[in-house]
Amino acid sequence: MTSENEKENSQITIKPAINEAQATKLAKTLYGLQVLKVKSLPSYDDQNFYIQIWDDEDNAHREYVMKITNSKDSNNTELIEVQTHAMKFLYDEGLPTPNVLLTKTGEIMSLEDIDYGDVKQKHIVRLLTYLPGTLVAEIKATPEILFDIGKMAAILDKTLTKKFQHSYKKSFDRGEFIWNLSNTPLLRKYTYVIKDENLRQKIEGVINEFESSVKQNLKKFCQCINHGDLNDHNLLLEEVNLSDENGRNQYRLSGILDFGDMSYGYNVFEVAITIMYMMIESTDPIPVGGYVLAGYESVVPLMKEEKEVLYTLVCCRFAQSLVMARYNVLLYPENEEYLMITAKNGWKHLMTLLDMGKERVEKIWEDTARSYSNTLYDK
């Protein structure tokens with residue numbers, strides 16, 4: 001028998017499925033570009049293409065990323081537009097975000113009818129400058145890198161909240177957006193995808209803890225505009241011509257990608273989300289939170305009430321990621337490898353957090369943050 005949840009699944013619009021020839025044609029039609037090279041890039045529920053052209057004026061290659069937004073999100077043009085303007089605003093403020101190439105008609109994006117043969121779908125198309133670099137996921141993140149990531153997260157939140165203005169800014173209030181930590185209880189709608197009863201009970205326990213210790217305190221926290229997805233595949237590093245005392249290469253943060261999860265939230269949400277994702281590939285994941293926290297608080301200190309829920313919110317983000325990854329695999333089984341990146345270590349790390357408990361983990365974070373900050377001060 002088909003469940004109500006399964007009925008709903010079948011009605012959810014799939015991600016874009018255009019080919020390289022269509023992407024090349026869009027680049028020419030919308031931007032007047034003659035494409036030399038095009039290739040598909042990994043993505044969650046949108047579609048991205050790397051595009052290379054030759055610039056006759058500068059006698060050099062130019063590189064871009066074409067983003068094709070899924071047809072469901074493409075219905076919300078105001079949200080996509082304000083996200084894109086926010087990204088361009090941060091670029092203009094000197095943060096390492098992509099810049100936006102305007103269309104031939106001077107628009108920041110274009111809503112296009114994409115012909116799939118038997119059906120047409122509307123997708124928002126944008127062209128962004130390509131940022132080279134090494135993904136954080138591809139290196140062993142040092143305390144210095146983790147501190148810098150936490151610091152950049154705070155700078156981003158502070159800059160957007162204090163300075164960014166746009167007529168569609170209200171669109172960041174996204175209601176029941178599943179990736180906003182405020183909406184953790186909405187996960188119950190999807191937990192049926194977790195077949196292991198023990199794991200499903202663990203997720204339920206995380207949701208219950210959010211409702212008992214976080215939900216009623218949200219009004220006390222400092223609000224901001226969150227990036228909401230500072231994961232190790234959305235952050236780029238560049239090598240600097242230095243090495244540490246052990247001869248290891250040194251890196252600095254050089255790129256922030258993917259602004260599709262932006263929404264109104266709280267400073268502590270950004271910290272929790274960033275900690276969770278920085279834990280994923282770490283061989284010593286628990287202290288990671290201390291380095292990220294130290295970086296964030298070097299710009300935006302957290303209140304006592306916010307720190308008291310940080311552990312729970314990190315667990316909530318693990319729960320969101322693990323449940324929704326499995327859910328999306330049901331929708332897009334051909335994209336399972338990409339969708340399940342977090343799940344490879346995610347369950348293990350969540351179980352470790354829950355087994356260690358709030359008090360013990362928070363003490364490690366606080367001690368690590370204090371020790372690292374003192375080290376910086378001594379320098």
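Values for this structure:
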item: Qualifying residues in segment 326-346 (those that are within 23 Å of Gly150 (Cα to Cα) and open to solvent by 30 Å² or more (accessible area, probe 1.4 Å)) - the one farthest from the chain's Cα centre (by Cα); result: Asn345
item: Selected residue (criterion: farthest from Leu253 (Cα to Cα)) from residues of segment 185-197 that are in contact (Cβ under 8 Å) with a residue 12 or more places away in the chain and assigned to a helix (DSSP H, G or I); result: Tyr192
item: Close pairs (8 angstrom Cβ cut-off, 6 or more residues apart or separate chains): outside any helix (DSSP H, G or I) in segment 19-32, surrounded by fewer than 19 Cβ atoms within 10 Å (Cβ to Cβ) anywhere; result: Gly32/Lys104
item: Where Glu209 falls short, out of the listed (1) under 20 Å from the mean Cα position of the chain (by Cα); (2) acidic (Asp, Glu); (3) under 22 Å from Ala319 (Cα atoms); result: (1)
item: In segment 335-362, the residues that are in contact with a Phe, Trp or Tyr (Cβ under 6 Å, 6 or more places away or on another chain) and farther than 20 Å from Glu281 by Cβ; result: Lys358, Glu362
item: Selected residue [within 22 Å of Lys195 (Cβ to Cβ), in contact with a helix residue (DSSP H, G or I) (Cβ under 6 Å, 6 or more places away or on another chain) and among the β-branched types (Val, Ile, Thr)] from Val292, Val288, Val299, Val329; result: Val329
item: One residue from Gly247, Gly205 being outside any strand (DSSP E or B), among the small types (Gly, Ala, Ser) and either closer than 27 Å to Leu156 by Cα or modelled with pLDDT under 95 (or both); result: Gly247
item: Qualifying position, being touching a residue at least 24 places away in the same chain (Cβ under 8 Å) and either open to solvent by 20 Å² or more (accessible area, probe 1.4 Å) or among the charged types (D, E, K, R) (or both), among Asn75, Asn70, Asn59; result: Asn75
item: Residue in segment 271-291 that is in contact (Cβ under 8 Å) with a residue 24 or more places away in the chain, buried (at least 24 other Cβ atoms within 10 Å of the Cβ) and under 15 Å from Thr97 (Cα atoms) present; result: no
item: Which listed residue is within 28 Å of Arg326 (Cβ to Cβ), modelled with pLDDT under 95 and exposed (fewer than 15 other Cβ atoms within 10 Å of the Cβ), from Pro16, Pro42; result: Pro42
item: Which listed residue is touching a residue at least 60 places away in the same chain (Cβ under 8 Å) and assigned to a helix (DSSP H, G or I), from Ser212, Ser182; result: Ser182
item: Answer from Glu8, Glu93 - the residue that is at pLDDT below 90 and out of contact with any strand residue (DSSP E or B) (no Cβ under 9 Å at 6 or more places or on another chain); result: Glu8
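Condition check ((1) open to solvent by 10 Å² or more (accessible area, probe 1.4 Å); (2) touching a Gly at 6+ places or on another chain (Cβ under 6 Å); (3) assigned to a helix (DSSP H, G or I); (4) under 30 Å from Gly289 (Cβ atoms)) across all residues:
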| residue | (1), (2), (3), (4) |
| --- | --- |
| Lys88 | yes, no, yes, no |
| Lys104 | yes, yes, no, no |
| Ile124 | no, no, no, no |
| Ser167 | yes, no, no, no |
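The values are calculated or read from the model by the stated rules, or taken from the named source; none is laboratory data. Bear in mind the structure is a predicted one, so any value in this text is a computation, not a measurement. Here the Cβ is made from the backbone with ideal geometry for all residues, glycine too, and neighbour counts use every protein chain on show. The protein model used for the area step is the full one, side chains on, heavy atoms only, and it has no ligands, DNA or RNA in it. Shrake-Rupley method; radii C 1.70, N 1.55, O 1.52, S 1.80 Å.
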